[in-house]
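Worksheet for the structure shown next.
The values are calculated or read from the model by the stated rules, or taken from the named source; none is laboratory data. These numbers were taken from a predicted model, which means no experiment stands behind them. Ideal geometry is used to build each Cβ from the backbone, glycine not excepted, and the neighbour counts take in all protein chains shown. The area values use the complete protein model at the heavy-atom level, side chains included, leaving out ligands, DNA and RNA. Shrake-Rupley method; radii C 1.70, N 1.55, O 1.52, S 1.80 Å.
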Amino acid sequence: MTEYGRGQGSEPWHPEDPYHGDGGWEGQQAQAGQQSPYGGQPQHYPEQQQPQQPQYGDWGTGQQDGYGQAQQQYPQQYDQQQYDQQYQGQGQQGYDNNGWGTGTHGQVQYTDPADPYGQQNAVYGEQQPDFYGTPEAYPPPEPPSRRPAEPEPRTDWDPGPDQGEHAFFAGGGGDDDATDDEPGSRRGRGERRGRGGKGSKKSRNGCACLVVLLVFGGGIAGVAYFGYQFYQDRFGAAPDYAGSGSGEQVTVEIPKGAGGYAIGQELKAKGVVKSVDAFVAAQQQNPKGNTIQAGVYTLEKEMSAASAVDLMLSPKSQNNLIIPEGTRNVAVYKLIDARLELDKGTTAEIADEKADSLGLPEWATGHKDVKDPLEGFLYPSSYPVAKGQKPEAVLKQMVARATEKYEELGLEKKAEDLGLDNPWQLLTVASLAQAEGTSHDDFRKMAEVVYNRLKPGNPETYGSLEFDSTYNYIKNQSKIDLTIAELREYDNPYNTYFVKGLPPGPIDNPGEEALKGALNPTDDGWYYFISLDGKTSKFTKTLAEHEKLVEQFNASRNND
């Protein structure tokens with residue numbers, strides 16, 4: 001409604017208003033004799049439709065506008081109290097299915113306060129003449145304060161759940177539909193019919209509820225699944241096989257310095273264990289689990305993590321190349337050839353040809369009369385050696401291990417403090433202690449014997465070592481029944497019965513205990529030693545004490 005159709009109070013607009021009618025006041029007078037095509041009666045609009053806004057019509061006067069239609073408009077504001085008094089006790093008008101009056105339950109008289117001519121008064125509920133030639137007439141519009149909510153437009157198609165049809169989303173329920181016809185219901189029957197019957201609505205309600213149930217059910221199932229996975233990942237037991245394996249063997253190489261997770265990754269990649277976490281947990285639960293060494297292991301596929309840990313701690317699974325303490329290089333070369341399935345002598349030949357390119361430290365090169373420059377540098381340990389590797393690669397790995405250990409023990413720094421020229425001589429002393437000693441407890445005493453005999457002015461040997469082990473080394477043997485005449489007649493730099501001082505180089509590959517004994521010898525005055533049972537050495541300070549022990553040893557051998 002525009003501002004042009006609104007007067008002050010109940011007064012109509014002034015007739016000289018230029019917007020009063022299409023032709024103004026004079027135009028209205030000129031057309032006073034013309035009859036409205038609708039019989040001069042006011043036009044009423046149903047609730048479903050809003051009256052067309054006249055462009056220049058006279059609202060509230062009941063006179064014709066420019067289109068020949070008598071427009072009637074009631075003032076925008078009403079006195080609610082006056083309105084209630086006017087209609088109190090006069091009853092209500094009945095309506096048919098379309099909401100239009102069909103009869104009177106007590107006459108209701110409505111007086112338009114905007115009709116100054118008193119021509120628009122009408123009594124509703126009585127039979128009125130039909131000026132439109134239709135079976136029903138339009139009732140007058142109700143005051144704004146009493147107009148019911150405008151019904152939804154009637155359609156011949158189902159708008160579907162997306163248009164707000166379902167009661168679940170519209171704020172209503174299926175039970176509300178059953179009360180549409182009850183007294184006091186705010187819904188007219190025409191409104192219910194305009195939206196479809198109860199049956200179709202309940203059917204749509206059921207389908208929509210089913211869809212909602214499936215959606216919410218699927219959401220709950222998804223949350224439950226991912227929640228379970230999260231719990232398993234954070235708090236559940238790690239996936240693991242059962243039993244001691246499938247019977248199918250597999251070789252696994254564990255690199256140096258590998259921890260629990262790295263070992264578990266290697267085992268999982270080979271199909272031994274089902275998960276890394278299961279192996280780590282089993283390793284931590286085993287008291288000796290942290291002692292698993294680098295090397296090559298023969299295991300089975302699909303083992304439980306606990307079974308894999310137990311087998312790796314057992315010598316049965318260890319498929320490494322193990323170099324024992326005191327092993328000479330010639331024996332190491334044979335072990336490598338056998339493991340790599342090479343012809344005999346292959347590794348020894350490569351060692352001789354490529355000794356200078358295998359990683360020896362500077363202090364271990366350039367020495368005269370050395371039988372094998374790699375002697376003492378094939379460090380005793382466990383090495384992952386498998387078929388397909390090259391001998392050169394295996395030798396480099398051993399030399400690197402020895403160099404690392406010698407640096408760790410400080411051979412280069414401590415040699416001078418012990419009266420030696422260089423760490424090469426210190427390594428040679430350790431190899432002598434390793435060769436002559438029979439137990440780890442012997443190595444410190446054995447190293448003291450070497451240092452005491454090397455002193456040029458000692459009253460016992462006068463600078464000669466006289467070790468049988470040096471003679472056996474050059475002869476590539478391990479005999480104990482050697483005569484003095486045989487020993488003293490053999491001219492060779494390694495024969496300490498023939499030459500004074502240390503041999504040209506190490507005579508074996510000493511282990512860590514022999515190295516520590518050479519670095520920290522005893523200071524008790526030992527010069528002589530002998531092993532009566534081949535297991536334990538006895539040490540003496542004088543030659544006379546030593547000869548008594550030699551007699552006991554010879555007597556024991558004669559009795560055997």
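Details
Table: residues versus (1) over 23 Å from residue 408 (Cβ atoms); (2) in a helix (DSSP H, G or I); (3) not aliphatic (A, V, I, L, M).
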residue	(1), (2), (3)
421	no, no, yes
431	no, yes, yes
443	no, yes, yes
456	yes, no, yes
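- Some residue of the range 453-466 being in contact with a His (Cβ under 6 Å, 6 or more places away or on another chain) and either within 23 Å of residue 539 (Cα to Cα) or modelled with pLDDT under 95 (or both): no
- Identity of the residue in the range 302-322, assigned to a loop (DSSP other than H, G, I, E, B) and at pLDDT below 95, that ends up surrounded by the fewest Cβ atoms within 10 Å (Cβ to Cβ): 315
- Which listed residue, of 252, 273, 280, is of a type in the set (A, V, I, L, M), open to solvent by less than 90 Å² (accessible area, probe 1.4 Å) and under 18 Å from the mean Cα position of the chain (by Cα): 280
- Pairs are defined by a Cβ separation below 8 Å, a sequence spacing of at least 6 or placement on different chains, a first member in the range 532-555 that is part of a strand (DSSP E or B) and open to solvent by 50 Å² or more (accessible area, probe 1.4 Å), and a second member that is modelled with pLDDT under 95 and small (Gly, Ala, Ser); the pairs so defined are 538/531.
- Filter result for residue 266 (in contact (Cβ under 8 Å) with a residue 24 or more places away in the chain and farther than 30 Å from residue 437 by Cα): no
- The residues in the range 514-527 that are surrounded by 19 or more Cβ atoms within 10 Å (Cβ to Cβ) and either under 14 Å from residue 406 (Cα atoms) or of a type in the set (D, E, K, R) (or both) can be counted, and the count is 5.
- Which listed residue, of 441, 481, is within 20 Å of residue 531 (Cα to Cα), surrounded by fewer than 24 Cβ atoms within 10 Å (Cβ to Cβ) and either of a type in the set (Val, Ile, Thr) or over 60 Å from the mean Cα position of the chain (by Cα) (or both): 481
- Top-ranked residue in the range 339-368 [being over 49 Å from the mean Cα position of the chain (by Cα) and among the basic types (Lys, Arg); ranked as most open to solvent (accessible area, probe 1.4 Å)]: 344
- Here the condition is being assigned to a loop (DSSP other than H, G, I, E, B) and of a type outside the set (Val, Ile, Thr); of 498, 529, it holds for 498 alone.
- Lone unmet requirement of (1) surrounded by 15 or more Cβ atoms within 10 Å (Cβ to Cβ); (2) out of contact with any strand residue (DSSP E or B) (no Cβ under 8 Å at 6 or more places or on another chain); (3) under 23 Å from residue 407 (Cβ atoms) for residue 371: (3)
- Flag for residue 480 being farther than 21 Å from residue 327 by Cβ, without any contact (Cβ under 8 Å) to a residue 24 or more places away in the chain and of a type in the set (Val, Ile, Thr): no
- Selection from the range 222-238 of residues that are open to solvent by 60 Å² or more (accessible area, probe 1.4 Å) and at pLDDT 75 or above: 237
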